[in-house]
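Q: Mind looking over this structure? Questions follow.
The values are calculated or read from the model by the stated rules, or taken from the named source; none is laboratory data. Remember, it's a predicted structure, so these values are computed and weren't measured experimentally. Note that we place each Cβ from the backbone using ideal geometry, even for glycine, and neighbour counts take in every protein chain shown.
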């Protein structure tokens, strides 16, 4: 079984109205989450056990990293995206030609600093619409 180093997983956003992509720089942690919403359909016949049905499927992207004002896709760029309140395409490079592509809304960004530490940032994108997962040249 082969593995892929986490440092190869990169997050890009596309500039509004432009076809070029911008790397969100200095990220250290990146996760892509896919989930199903479960609606409660419990009835009296459930025997006291909860029952559910899968309804909507969604995705989100969470990331964190070191603040570096000199990199592209820095905190200031993310703040501009947040204020824009628009839908932005993102590309998550999983390495070896594998990727996730989808549209997102910037849900949150955060900057954190400690007296004897470095400034870090984190953020969360909420997916909108159906994402594309390409793995081993197969679209899922």
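Q: Can you list residue pairs whose Cβ atoms sit under 7 Å apart, with the first residue in region 1-27 being within 19 Å of residue 82 (Cα to Cα) and the second being at pLDDT below 65 and surrounded by fewer than 17 Cβ atoms within 10 Å (Cβ to Cβ)? Count only pairs 6 or more apart in sequence or on different chains.
A: Cβ pairs passing all conditions: 22/15.
Q: Is there a residue in region 48-64 that is in contact (Cβ under 8 Å) with a residue 40 or more places away in the chain and not in a strand (DSSP E or B)?
A: No: zero hits.
Q: Inspect all residues belonging to region 107-129 and state whether any of them is free of Cβ contacts under 8 Å to residues at least 60 places away in the same chain, touching a strand residue (DSSP E or B) at 6+ places or on another chain (Cβ under 8 Å) and within 19 Å of residue 20 (Cα to Cα).
A: Checked against the condition, which is being free of Cβ contacts under 8 Å to residues at least 60 places away in the same chain, touching a strand residue (DSSP E or B) at 6+ places or on another chain (Cβ under 8 Å) and within 19 Å of residue 20 (Cα to Cα), region 107-129 yields no hits at all.
Q: Also, quick follow-up: Collect the residues in region 110-135 that are surrounded by fewer than 17 Cβ atoms within 10 Å (Cβ to Cβ) and either within 16 Å of the chain's Cα centre (by Cα) or part of a strand (DSSP E or B) (or both), keeping them in residue-number order.
A: 110, 111, 112, 126, 128, 129, 130, 132, 134, 135
Q: Something else: Could you tell me whether region 94-102 includes any residue that is within 12 Å of residue 11 (Cβ to Cβ), modelled with pLDDT under 90, touching a helix residue (DSSP H, G or I) at 6+ places or on another chain (Cβ under 8 Å) and in a strand (DSSP E or B)?
A: Looking for residues that are within 12 Å of residue 11 (Cβ to Cβ), modelled with pLDDT under 90, touching a helix residue (DSSP H, G or I) at 6+ places or on another chain (Cβ under 8 Å) and in a strand (DSSP E or B), one finds at least one in region 94-102, hence yes.
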